[in-house]
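Worksheet: one structure, shown below.
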Amino acid sequence: MGWRSVKKLQGCFFLCIFATVKIEEAIGRFVDYIAVERRMAAGTVRNYEGDLRDLQRHLLRGGVERLEELTSRDIREWQMEHLAAGEAAGTVRRRLSSVGSWLRWLRRSGLLEADLMAKVSPPRQPKHLPVFFKESETEHLYDEGLFGTDFTGRRDALMLRMLYETGMRRSELAALREASVDFGALTIKVLGKRNKERLVPIEIELAHNISDYLALKRQTVGENEWLFVNAKGKPVSPAMVYNIVHRYMSTLSNADRVSPHVFRHSFATHILAEGGNIQAIKELLGHESLATTEVYTHVTREHLKEEYRHAHPRSRRK
């Protein structure tokens, strides 16, 4: 047998191996890849795996177990199953994004040839403008009487002010350490999505607030590397951050939704309203794409229209 024939047989052999890969195994390999090589956050890895295992269960009900059996129609039927169950379009789009990432990795790895997502159209998602707090509402964060003077009250005040003045996510706030704050440079090092670091500037007044809080924290719980902790010295959780924001802002704001992320929206919206540069806001927020940040330009336009309708005398004429 000539060497060309041997090479041809070897090629067929490897193709046969790829063709017999089970979907369960292909998912496992991908999860290992994003966890180990991409070093994605544990929560992100769980979301990806949850979506893919959900797809796998749907496929198994239809007798599909191997990659070569998978078709675009299977993915469309899985999508429709979730939509028919009343799942929000945004959630279904996120699930499809997970599947799309997995399929692209399979193609790059040589385990799949066809672009199955080319024939899958994600559901349209109704456009909802981000909710934000009014400036008059956020001003109350600086009222002396709103928070207690003990350790918990001083901590809560600083947390809310930092969320508003930096635009960071609640998970980013909860992950801050004392060493994250550079008092000389007036910056905070924030660890964002996919372990991407960014520097967020702070005002001198906020730096003084942080310094005062740290002195009180050391008196209360002793030396501790975490910036925000509970009375026992344990780091606060993202859920705890949410509860603190909800407790205070529910009484201060008439916003349709109250959460730490609304502070993030408020941060971007208020800067834009004052003429801030959208590219700079993108970097401050840690957005990957400028398109994500541009939604705030629509918020400010709608806010201006609303102010006109309520305040301008010509707008009230019938």
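The values are calculated or read from the model by the stated rules, or taken from the named source; none is laboratory data. Model, not experiment: these values are computed from the prediction. Virtual Cβ from ideal backbone geometry, glycine too; neighbours counted across all protein chains shown.
So in segment 211-238, with the set limited to residues that are among the acidic types (D, E) and in contact (Cβ under 8 Å) with a residue 24 or more places away in the chain, which one is surrounded by the most Cβ atoms within 10 Å (Cβ to Cβ)?
Step one: list which residues in segment 211-238 are among the acidic types (D, E), which gives 212, 223, 225.
Within this subset, residues satisfying the condition of being in contact (Cβ under 8 Å) with a residue 24 or more places away in the chain are 212, 225.
Numbers: D212: 12, E225: 10.
Once the filter is applied, the top-ranked residue is D212.
Report, ordered by the first and then the second residue, all pairs with beta carbons closer than 6 Å, sequence separation of six or more or different chains, a first member in segment 197-210 that is over 18 Å from R264 (Cβ atoms), and a second member that is part of a strand (DSSP E or B).
Filtered contacts from segment 197-210: I210/V181.
Scan segment 243-260 residue by residue and report those that are closer than 17 Å to F132 by Cβ and surrounded by 16 or more Cβ atoms within 10 Å (Cβ to Cβ).
Passing the criteria: V245, Y248, M249, L252, S253, A255, V258, S259, P260.
Would you pick out the residues in segment 128-146 that are more than 18 Å from the chain's Cα centre (by Cα) and either closer than 26 Å to V295 by Cα or touching a residue at least 40 places away in the same chain (Cβ under 8 Å) (or both)? I'd like the intermediate steps shown before the answer.
Step one: of segment 128-146, the residues more than 18 Å from the chain's Cα centre (by Cα) are 133-146.
Within segment 128-146, F133, K134, E135, S136, E137, T138, E139, H140, L141, L146 meet the criteria.
Residue by residue through segment 187-241, note down the ones that are farther than 18 Å from L163 by Cα, in contact with a helix residue (DSSP H, G or I) (Cβ under 9 Å, 6 or more places away or on another chain), assigned to a helix (DSSP H, G or I) and among the polar types (S, T, N, Q).
Q219, T220, listed by residue number.
Can you tell me which residue is farthest from N195 (Cα to Cα) among those in segment 44-87 that are outside any helix (DSSP H, G or I) and touching a residue at least 12 places away in the same chain (Cβ under 8 Å)? Steps first, please.
Taking segment 44-87 and keeping what is outside any helix (DSSP H, G or I), we get 62-66, 70-71, 85-87.
Next cut, touching a residue at least 12 places away in the same chain (Cβ under 8 Å) only: 62, 64-66, 70-71.
On the way: G62: 38, V64: 36, E65: 34, R66: 34, L70: 33, T71: 34 Å.
Going through the qualifying residues, I end up with G62.
Answer with yes or no whether T187 is under 17 Å from D150 (Cα atoms), of a type outside the set (G, A, S) and surrounded by 13 or more Cβ atoms within 10 Å (Cβ to Cβ).
Values: under 17 Å from D150 (Cα atoms): no; of a type outside the set (G, A, S): yes; surrounded by 13 or more Cβ atoms within 10 Å (Cβ to Cβ): yes.
So T187 does not fit the description; no.
Scan V245, V258, V262 and give me the residue that is closer than 17 Å to T138 by Cα, free of Cβ contacts under 8 Å to residues at least 24 places away in the same chain and among the aliphatic types (A, V, I, L, M). Steps first, answer last, please.
Working: V245 fails: free of Cβ contacts under 8 Å to residues at least 24 places away in the same chain; V262 fails: free of Cβ contacts under 8 Å to residues at least 24 places away in the same chain.
Answer to the check: V258.
Can you list residue pairs whose Cβ atoms sit under 6 Å apart, with the first residue in segment 265-291 being within 9 Å of G167 (Cα to Cα) and the second being assigned to a helix (DSSP H, G or I) and of a type in the set (A, V, I, L, M, F, W, C)? Count only pairs 6 or more apart in sequence or on different chains.
The qualifying pairs are A268/I281.
For segment 181-196, enumerate the residues that are of a type in the set (S, T, N, Q) and free of Cβ contacts under 8 Å to residues at least 40 places away in the same chain.
To start, the set of residues in segment 181-196 that are of a type in the set (S, T, N, Q) comprises 187, 195.
T187 - this is the single residue of segment 181-196 that is of a type in the set (S, T, N, Q) and free of Cβ contacts under 8 Å to residues at least 40 places away in the same chain.
Could you figure out which of (1) modelled with pLDDT under 95; (2) out of contact with any Ser or Thr (no Cβ under 7 Å at 6 or more places or on another chain); (3) under 18 Å from E172 (Cα atoms) isn't true of Q279?
Only one criterion in (1) modelled with pLDDT under 95; (2) out of contact with any Ser or Thr (no Cβ under 7 Å at 6 or more places or on another chain); (3) under 18 Å from E172 (Cα atoms) is unmet by Q279, namely (3).
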